[in-house]
Amino acid sequence: MGRILAIDFGAKRTGIAVTDELQIIASGLTTVATSTLLAFLKDYVSKEQVELFVVGKPKQMNNQDSESEVLILPFLDKLKATFPKIPIERVDERFTSKMAFQTMLDSGLSKKQRRNKALVDEISATIILQSYLSLKN
C-alpha cells in the first residue's frame, strides 16, 4: 500500500501532508515554494510509493470555485502529465486555513509561531488529507 499525499496549493507556497503506508494517519510533511513543487514531488515519489494525490479545491460560500482555482488547474495538468499513473482526487478546502490557525492556537503555539504562514499551509494540507481519509472510511 502506498502513501496518500495531500497538496494545499498556493500562489507562493504549497503545504504538503502524507499518510503513513497503511493510510491511517495524516501528518504534515513540509511547505515548499510553489515554483519548486513539481521538482519536490518528483524527488519524493522517487523515494516513497505514492498511491494517490489529494489536492484541495477552493470553494466560495455559495459553492462556486474560488478565484484561486484558475491557478490550480494548470498545476493539475502538469501533475497528471508528470505522474500519469497516480490518480488525483479533489477535496473541498473551505475553512482549512481558519481550522489550521485554530489548531495552532489550541496547540499553544506562540504568536510568533502562529505568524509562520508556511506552518499554516502545512497544517491546512494535513486537514485536507484528514478530511479525505474521513470521507473514504
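Read-outs: derived from the displayed coordinates by stated rules, not from any lab. Owing to the predicted nature of the structure, the values given are computational and were not obtained by experimental measurement. Here the Cβ is made from the backbone with ideal geometry for all residues, glycine too, and neighbour counts use every protein chain on show.
For region 22-46, what are the residues that are more than 13 Å from the chain's Cα centre (by Cα) and touching a residue at least 24 places away in the same chain (Cβ under 8 Å)?
Hits for region 22-46 are Gln23, Ile24, Leu38, Phe40, Lys42, Tyr44, Val45.
Just to be sure before I move on: is Leu71 more than 25 Å from Met1 (Cα to Cα) and out of contact with any Lys or Arg (no Cβ under 8 Å at 6 or more places or on another chain) in the structure I sent?
yes
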